[in-house]
Structure formats: structure tokens, C-alpha cells
Amino acid sequence: AKQADEAKTQFLNMISHELRTPLTAVLGFNSFLANHTKLPSYNALREALPSGDEATIRAALEQFEKDLGQFTGRIQAAGTQLKALIDDMLDLARIEANNLRLNLRCVESAAVARSVIEQTQTLASEKGLEIKFDLIDAPIYADETRFRQILTNLLGNAYKFTDQGLVEVRSSLQDDMVVFEVQDSGIGISKEMQNQVFDRFAQAKEGTDRRNNGVGLGLAICKDLIAAQNGWIKVKSEIGSGTTMRFALPLWRSKA
């Protein structure tokens, strides 16, 4: 109980920092937009207009548009980060209150997995990572939205902790379960942390000296979501040799 209380205290300290960082970005870059008349690129454009020189005006306009695009892009990224943090906290609250609603039905796992891979392709491309997948056409009995959330989270972690190399997604049949694997060639997870990685606030326990942002809820929520769908999740990893996350969900069996 004492360890749990300490973990929650660390979490509250961390979440205030994690929320404040993107909020600062939103407010800061929005102030640039609200006071755009003070931007050098805007003033350069105003000075260029009376000259009537088309090339000068075009160059000034392009620089002003570039500045605006940069500011709005930063605001969008910060807003997305805020939404992800809030969504995680809401999911945790629903799980702890036993108020998680699932729409279990037949889900074409391969099609959904390919869709998630395509949607997260940009994250991999930004780091020059190669993505491979080998998926079997096996329907699962699951909540499609939550299945997407689980895959998105695991792929996001794989991209985040892999600087170069490969991320691979596979699926296979094991008895009456469909087993999914997300394997990366990243930094790996220590043996000690492998025992805690699915614990709530696990990343908070590592303190403030962390390589990546996050509050340590993603994998814990994945575990709870998978368990709620009668599945399981495991981790296999070695420092410097990458990580493989394996999870299973029930195979869909037609009642006909």
C-alpha cells in the first residue's frame, strides 16, 4: 500500500509536468499567431508589398506562411499529446471503476492491423525505420476500437524506443487464440523492468531522468483491455537487442 501510494504521488508530480509541457507549447505558439504583426516575416512581407517586386513579395509570403505552418504544426502536436494523456487517464478511471464498456464482435484482425500500420507509418518514416508485417487472415472476438488502441500503443512504443532498424508485426494461430507480436530492434528493457512494465505508473517509478516522455499508463491499460477481452500479454526483451510484445485474443468462432 505504501509503494502504491508513493507511485501515485510520483505519478501526480509527473502528470502535472507532462500536461504543463504541451500546454506551454499551445499557449506560446498561439501567442505568436495572436501577435503576428510582431513577426519579422510578417514585417518583411508588409515592406515588400509596396515595392511591387513579385519575386521579393513571393519570397516574403513564403517565409510568413512557413512560420505560420510551423506554429500551427506545433500546436497540433501539443494538442495531440494532451489528448493522448487525457484519454489514458479517462481509460484508467473507467477500468478502476469497473465501468469499461466493450463491443465484442467478429473483427477481421489482419485488415485492422494493416490499417493501424498504415496510420502509424509516418512515425516510422520520420526515423527511417523499416516496417514488415506477416499477418494471417484470422477473425477475432474483440472490440475493434480497443484492438486498434492496443496495436497503436504497442507500435508507438516500438517506434519511440527504436532509433534504427526494423519493426515487425506478426500474427499466428495458437489453439483457440490469435497471437500478435510487435517486435522491434530498439534499446530493449532490463530484466528488472520487465517484471514491472505492465504495472500502473511503471514509468513514474523510474523518476524524472527518463529517455522519453510518458506517464507509464499505456502498457498497463493495454494489459487491462486485453484481459477484459479474455486475452493475455507478455514481454520478451534484452537490453540492446530489442523487444517483442506478444498478446493474444480469442479466435472468432461462428455459432452457425
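The values are calculated or read from the model by the stated rules, or taken from the named source; none is laboratory data. Keep in mind that this is a model prediction, so the values were computed, not measured. Neighbour counts run over all protein chains shown; Cβ positions are idealised from the backbone, glycine included.
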Scan the stretch 44-88 for residues that are under 19 Å from the mean Cα position of the chain (by Cα), exposed (fewer than 14 other Cβ atoms within 10 Å of the Cβ) and of a type outside the set (Lys, Arg) and report the count.
-> 5
For the stretch 220-256, which residues satisfy the criterion of being free of Cβ contacts under 8 Å to residues at least 40 places away in the same chain, assigned to a strand (DSSP E or B) and either surrounded by 18 or more Cβ atoms within 10 Å (Cβ to Cβ) or touching a Pro at 6+ places or on another chain (Cβ under 6 Å) (or both)?
-> Ile233
Can you give me the number of residues within the stretch 124-140 that are surrounded by 17 or more Cβ atoms within 10 Å (Cβ to Cβ) and more than 21 Å from Phe247 (Cα to Cα)?
-> 2
Is it the case that some residue within the stretch 153-161 is among the polar types (S, T, N, Q) and under 17 Å from Gln183 (Cα atoms)?
-> yes
Answer with yes or no whether Asp143 is surrounded by 17 or more Cβ atoms within 10 Å (Cβ to Cβ) and of a type in the set (D, E, K, R).
-> yes
Could you please tell me which pairs satisfy a Cβ distance under 6 Å, a separation of 6+ or placement on different chains, a first residue in the stretch 100-121 that is closer than 21 Å to Phe133 by Cβ, and a second residue that is outside any loop (DSSP other than H, G, I, E, B) and of a type in the set (Gly, Ala, Ser)?
-> Val107/Ala142
If you go through the stretch 139-156 one residue at a time, do you hit one that is assigned to a loop (DSSP other than H, G, I, E, B), closer than 24 Å to Ile189 by Cα and of a type in the set (Ser, Thr, Tyr)?
-> no
Are any of the residues in the stretch 74-82 farther than 19 Å from Thr122 by Cα, out of contact with any Cys (no Cβ under 8 Å at 6 or more places or on another chain), in a helix (DSSP H, G or I) and of a type outside the set (Ser, Thr, Tyr)?
-> yes
Among the candidates Ala111, Ala93, which residue alone is among the aliphatic types (A, V, I, L, M) and modelled with pLDDT of 85 or more?
-> Ala111
Considering only residues of the stretch 97-123 that are outside any helix (DSSP H, G or I) and farther than 18 Å from Lys223 by Cα, which is nearest to the chain's Cα centre (by Cα)?
-> Thr120
Scanning for something crowded, with 16+ Cβ neighbours inside 10 Å and assigned to a loop (DSSP other than H, G, I, E, B), does the stretch 168-176 turn up at least one residue?
-> no
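So that you can scan it fast, the table gives a plain yes or no per residue for (1) more than 22 Å from Phe198 (Cβ to Cβ); (2) at pLDDT below 90:
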{"position": "Gln3", "(1), (2)": "no, yes"}
{"position": "Leu19", "(1), (2)": "yes, yes"}
{"position": "Thr37", "(1), (2)": "yes, no"}
{"position": "Ser41", "(1), (2)": "yes, no"}
{"position": "Ala44", "(1), (2)": "yes, no"}
{"position": "Gly52", "(1), (2)": "yes, yes"}
{"position": "Ala60", "(1), (2)": "yes, no"}
{"position": "Lys66", "(1), (2)": "yes, no"}
{"position": "Arg74", "(1), (2)": "yes, yes"}
Restricting the first residue to the stretch 47-74 and requiring it to be of a type in the set (Phe, Trp, Tyr), which pairs with a second residue that is in a helix (DSSP H, G or I) meet a Cβ separation below 7 Å and a spacing of at least six or different chains?
-> Phe64/Ser41; Phe64/Tyr42; Phe64/Leu45; Phe71/Phe29; Phe71/Phe32; Phe71/Leu33
